[in-house]
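Below is one structure, written out as structure tokens; the observations come after it.
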Amino acid sequence: MEQLSVFIQQHIEMIYVVILSIFLGIEVISRVPSVLHTPLMSGANAIHGVVIIGAIIVMGKAEAGNYLALLLGFLAVILGTVNVVGGFVVTDRMLEMFKNKKDKK
Amino acid sequence: MLSKPDTARKGNLVAAAGMALAILGTIFLYESEGAKLHNYGWIFAGLLIGSVIGVMAAKKVKMTAMPEMVSMFNGMGGACAALISIIEFGHLAGDSGSAGAAAMMNLHRAGEMMEQLGSSSREFIEQRELIQSMFRVDYRGTLLIILLGLIIGSVSFAGSVIAWGKLNGRVKDFAFPAQHIVNLIVLGIIVILAAALLIHVNDVYPLWAHGGGRATGFSLLFYGVLVLSLIYGVLFVLPIGGADMPVVISLLNSFTGVAAAFGGFLYDNPVMLTGGILVGSAGTILTILMCKAMNRSLKNVLIGSFGGSKAGAAAGKEQGAYKEISLPDAAVVLAYANKVMIVPGYGLAVAQAQHVCHELEKLLEEKGVEVKYAIHPVAGRMPGHMNVLLAEADVSYDKLLEMEEANAELPTTDAVLVLGANDVVNPAAKTDATSPIYGMPILEVENAKVVIVNKRSMKPGYAGIENDLFFQPKTSMLFGDAKQVLQQLVAEIKQV
């Protein structure tokens, strides 16, 4: 129990961030019309690509001789980037369709 | 900004820019204990390769295949999170083998030697304890985060790949008896193994540098968790029917978000944490919303094996007589109606008929017919799937009615054209308490004056149940591929 409270004290800012993010997430979703749920899902998909940052950190920290870590990290960076870039491009493509039509009107 | 279609695109770009900033910031500014990151070559090579693959995949994919794509990307994110956990596990082991553990080991030996010499002074023992307590790191917190990241990441990865395969039609629904019991057992084993790892981590790590059976066993246990998580991911998605796929993808999406958030905890990185949790909570809410739209409880979807075999067999006996309508007749019905409601479904997506559908709509409008689209929240394979498809075909989005609006207008509608939709217009959801979709909100098309249903065949829809609507007197069937039928229909209407 003591360790738990120490952990919480050490990470109190993080915990605030977590709670606020949860509320933000709920708020965001409840405002989005179901028309946009597909782009939303793919947008959210792109956003959780932030794991890429973790992958970069891992890569950056790996010692030059540690080939296993380098290889796995390299793979992680590639996968993460595909997630981020692909996610955003797909979302953009979807939303572009919504936009075109407005211009025409 | 995502709350309106107009501004959504800008919002997406802002998010993308933010992400780019976060990545660049991490690459150039991140410092850990005064040391900057290295291996820039590898990082940039990875980024470049990933970007190229990502853009290519995203540009090439057809609009109808969007759900597959999203689920694939999601899987990549999950795999990324799992890989990070694996590497960090290696680091943890490496760390403990370094300075701290070495110091403790030396201290321990020094103590032994002094005891052997019989000259163990009290002062030394006190000092030893002091130093030991300084170096005694609690690995449990870190390992817990690593394990959670690993489990969630790999479940998400394996699940997404299966989901992708299923949407593609490459992986068939597959359920064996007592599947959820097996699932629960696998999950239980994962939890037990993870708990075992956590309990023993502090005993094992100080000895890590010296290898030995325990340390190896410990690693094996860790990889065991990895393998079991992957297996669980597969088992978890396999039995879930196509109708539930959107829910699953959304759920896996939020899983990956949570995995990313654990990464944020691991590196004390607020960007990852915020992003991950945001997606996690948003994904969960979205999942719940979708479940509500389909009237399924989340538990129901999770424990799984919905629909399919059992329901199909039970409903088979009710097959009655249905009547077909010829193309010219259908054209006449539509052209002379005052108000036509189009109900698109997955059939439209498969046939890529959205453009022809828009053509039909324009043609009817020219003839003074009011045309609206009724969009069921889970029509297609993803919520809003139909909206995206129709938007691709330039259908104005104020013509798209959501379910409640559409149901309010249906009683005054002259003709309903159902295009490849089935379960979302099945009146059994309201009337038949034994039906597996009982209670699911549906589009009440039977309130309209005439219903024309275009389907490829009389086969039941994804939920695997017969649709009474097709046997009602006001319903006529128009068999064929949605695109061809619509093209012929357009040609016929031009002649009317």
Among (1) closer than 16 Å to A:I57 by Cβ; (2) surrounded by 14 or more Cβ atoms within 10 Å (Cβ to Cβ); (3) at pLDDT 75 or above, the one test that B:L24 misses: (2)
Spans of helices (runs of 4 or more DSSP H) in the stretch B:326-382 with at least 1 residues away from every other protein chain (no Cβ under 14 Å), on the phi < 0 side of the Ramachandran plot and in contact with a Cys (Cβ under 7 Å, 6 or more places away or on another chain): B:346-351
Options B:A110, B:A101; residue that is surrounded by 18 or more Cβ atoms within 10 Å (Cβ to Cβ) and at pLDDT below 70: B:A101
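Look at the stretch B:277-288 and say how many of its residues are in contact with a Ser or Thr (Cβ under 8 Å, 6 or more places away or on another chain) and either of a type outside the set (A, V, I, L, M) or more than 7 Å from chain A (Cβ to nearest Cβ) (or both). Don't jump to the end; show me each part of the working.
Applying the first criterion (in contact with a Ser or Thr (Cβ under 8 Å, 6 or more places away or on another chain)) to the stretch B:277-288 yields B:277-287.
Narrowing further to those that are either of a type outside the set (A, V, I, L, M) or more than 7 Å from chain A (Cβ to nearest Cβ) (or both): B:280-281, B:283-284, B:287.
Of the residues in the stretch B:277-288, 5 are in contact with a Ser or Thr (Cβ under 8 Å, 6 or more places away or on another chain) and either of a type outside the set (A, V, I, L, M) or more than 7 Å from chain A (Cβ to nearest Cβ) (or both).
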Which listed residue is out of contact with any His (no Cβ under 9 Å at 6 or more places or on another chain), assigned by TED's automatic domain parsing to the domain that holds B:E444 and of a type in the set (A, V, I, L, M), from B:A330, B:A406, B:A421: B:A330
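For (1) under 30 Å from B:A374 (Cβ atoms); (2) modelled with pLDDT under 75, each residue gets a yes or a no:
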site	(1), (2)
A:H37	yes, yes
A:I52	no, no
A:V58	no, no
A:A62	no, yes
A:L75	no, no
A:V82	no, no
Selection status of B:V155, away from chain A (no Cβ under 14 Å), at pLDDT 65 or above and within 17 Å of B:G233 (Cβ to Cβ): yes
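The values are calculated or read from the model by the stated rules, or taken from the named source; none is laboratory data. All values reported here derive from a predicted model rather than from experimental measurement. Heads up, the Cβs are rebuilt from the backbone with ideal geometry, glycines too, and the neighbour counts pull from every protein chain shown.
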